[in-house]
Amino acid sequence: MLNLKNFIDYVEKQNPNEPEFLQAVTEVVEDLIPYINEYHPEYADLKILERLVEPERVVSFRVAWLDDQNNIQVNRGYRVQMNSAIGPYKGGLRFSPTVNLSILKFLAFEQVFKNALTSLPIGGGKGGSNFDPKGKSDNEIMRFCQSFMTELYRHIGAETDVPAGDIGVGGREIGYLFGQYKRIQNNFTGVLTGKGVQWGGSYIRPEATGYGLLYFVQSIFENNDETLDGKVVSISGAGNVAFYAAEKALSFGAKVITLSNSTGTIYDKDGFTHEKLVYIAKLGRNLAEFPERYPSATFHAGQKPWQFVCDIALPCATQNELDQQDATTLISNGCICVAEGANMPSTAEAIKVFHDAKIAYAPGKAANAGGVAVSGLEMSQNSIGQQWSSSKVDERLKHIMANIYKTCLRYGKEKDGYINYLKGANLGGFIKVAESMKAQGVL
Ligand code: NDP
């Protein structure tokens, strides 16, 4: 019999000073351990959980590069290859000064379950660097990416490990990383996803995480015979995920009232239009300037969006951006659904508030799986040398999100009828990985 407290103590002892990793593991094993004890005691004998929390491989390396003043800069690069039971490692690269091993291990761990939920043959990994792309010139970004790939190339491959983008790594960075890989290996292959559509990328990949998030939210409402038409939506972040989530929410007839970044939050009482979103994209990080052109909006420096009254909250910025107090405010303002575009944006205490209030809470590992799902489709297209149309990729994305929703429903329905999507996602993802590990022997 597995004991929850003993297991968490064990993980903490093995991984000291890694609070985010411990948080992600705790969130999962709280659901898995009772399930294993009741239905699959053999997983305890096979030490499946102990093996799951130990990355198969962690690579850490020096990234030295020259800035525009010809000064030498040194950063640290990482790749965490967490689990390859169901396919090659797959997961994004994050470039941010906040990157450390704890954060990458939590992201890689989450990725294992998320990728399993997509039903595609992809394992879990994550990587990145403490490099800060903000304020860097194009040439500096290119030199950094080339130096990063000059080490990373030996650890990845189309059938070994296929990185993608994440915070701070978009189409431009993927281009530089791919170019350097190709130059070193003399091999044009699907080793990265998020590529440009002219050179091996998939249509709908930039949109996929935000769109997929809204498809998942739509399923939640449809399950209650409701639609998103007229619902008020609050979104955090103003990056890739936040933008396409906002666009899709508008297309479903919802009213989106906030976007944010690390400088603060724009609140628009009239809601954003497509035209306003295009303008925000033009402003870059200068969100404070938005109200000058659109007086229906106000800018709240240094504040998060969760104080504004909404039906649906979509945290799409970063981990632990929504805490217990934010959750309490959302609930008292009548919010009925929180769905995560970001990875682990809600703290453990916030999740408890959502569950206690019995509102719909959709965790990132299920709700934001659309991005990696279309990355998986990009790998399929690369391996057969084809490119599918936007509508075909979007159809497949909808189908995958609907299946993830069904999996969450199947494993997450409580005795009182409440749907615990977190439990559903944890169990649904875990079973596939655990059975594969069991079949492949002691590794
Ligand atoms: P981007 O880099 O495109 O955008 C991130 C946005 O979040 C920026 O607006 C950024 O603002 C804001 N942000 C970051 N940190 C903070 C903070 N501490 N406080 C307030 N705002 C902050 O990243 P993505 O949109 O790609 O990713 C967002 C989240 O979604 C991440 O958690 C990522 O792991 C997750 N995700 C992304 C996927 C994808 O396909 N891109 C797939 C699945 C999950 P600023 O510019 O001021 O820093």
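Determine whether the stretch 52-61 contains at least one residue that is in contact with an Asp or Glu (Cβ under 6 Å, 6 or more places away or on another chain) and closer than 30 Å to P97 by Cα.
Going through the stretch 52-61, the residues in contact with an Asp or Glu (Cβ under 6 Å, 6 or more places away or on another chain) turn out to be 61.
Applying the additional criterion that residues be closer than 30 Å to P97 by Cα yields 61.
Scanning the stretch 52-61, I find at least one residue that is in contact with an Asp or Glu (Cβ under 6 Å, 6 or more places away or on another chain) and closer than 30 Å to P97 by Cα, so the answer is yes.
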Next item on the list: Could you check the stretch 94-186 for helices (runs of 4 or more DSSP H) lying wholly inside it with 3 or more residues that are closer than 27 Å to H399 by Cα and more than 11 Å from the ligand (Cβ to nearest atom)?
Entry: 101-117
Checklist line | In the stretch 233-247, the residues that are in contact (Cβ under 8 Å) with a residue 40 or more places away in the chain, assigned to a helix (DSSP H, G or I), surrounded by 21 or more Cβ atoms within 10 Å (Cβ to Cβ) and more than 7 Å from the ligand (Cβ to nearest atom) | finding: A245
Notebook entry, point to check: Got a sec? Which of A439, A434 is surrounded by fewer than 24 Cβ atoms within 10 Å (Cβ to Cβ), over 24 Å from E27 (Cα atoms) and not hydroxyl-bearing (S, T, Y)?
Noted result: A439
Note to self: Among the residues of the stretch 339-350, are any of a type in the set (A, V, I, L, M, F, W, C), in a helix (DSSP H, G or I), in contact with an Asp or Glu (Cβ under 9 Å, 6 or more places away or on another chain) and more than 13 Å from the ligand (Cβ to nearest atom)?
What the structure shows: yes
Notebook entry, point to check: Looking at (1) outside any helix (DSSP H, G or I); (2) within 16 Å of the ligand (Cβ to nearest atom); (3) buried (at least 24 other Cβ atoms within 10 Å of the Cβ), which is the only condition K195 fails?
Noted result: (3)
Checklist line | Qualifying positions in the stretch 296-318 - more than 11 Å from the ligand (Cβ to nearest atom), among the β-branched types (V, I, T) and under 19 Å from L213 (Cβ atoms) | finding: I312
Next item on the list: Read through the list (1) surrounded by fewer than 24 Cβ atoms within 10 Å (Cβ to Cβ); (2) charged (D, E, K, R); (3) within 16 Å of the ligand (Cβ to nearest atom); (4) part of a strand (DSSP E or B), then give the number of the only condition that R62 fails.
Entry: (3)
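Name the single residue that is nearest to the ligand (Cβ to nearest atom) among those in the stretch 260-295 being in a helix (DSSP H, G or I) and within 16 Å of V233 (Cα to Cα). Give the steps one after another, and end with the answer.
Residues of the stretch 260-295 in a helix (DSSP H, G or I): 274-283, 287-293.
If we keep only those that are within 16 Å of V233 (Cα to Cα) too, we end up with 274, 276-277.
On the way: H274: 19, K276: 16, L277: 13 Å.
By that ranking, first place goes to L277.
Can you tell which of S202, S251 is buried (at least 24 other Cβ atoms within 10 Å of the Cβ), away from the ligand (no atom under 11 Å from the Cβ) and under 21 Å from H399 (Cβ atoms)? Steps first, please.
On the way: S251 fails: buried (at least 24 other Cβ atoms within 10 Å of the Cβ).
The conditions single out S202.
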Checklist line | Tabulated pairs, the stretch 110-126, first within 17 Å of V29 (Cα to Cα), second of a type in the set (A, V, I, L, M) and surrounded by fewer than 24 Cβ atoms within 10 Å (Cβ to Cβ), C-beta under 8 angstrom, 6+ apart or interchain | finding: V112/V433; F113/V433; A116/I86; A116/V433
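Can you give me the number of residues within the stretch 362-380 that are part of a helix (DSSP H, G or I) and within 12 Å of A116 (Cβ to Cβ)?
Of the stretch 362-380, the ones part of a helix (DSSP H, G or I) are 364-367, 370-380.
Next, from what is left, pick out any that are within 12 Å of A116 (Cβ to Cβ): 365-366, 372-373, 376.
Adding up the residues that qualify gives 5.
Coordinate-derived values only; no laboratory data. Note that this is a predicted model, so its numbers are computed, not measured. Glycine also receives a Cβ, built like all others from the backbone with ideal geometry; neighbour counts cover every protein chain displayed.
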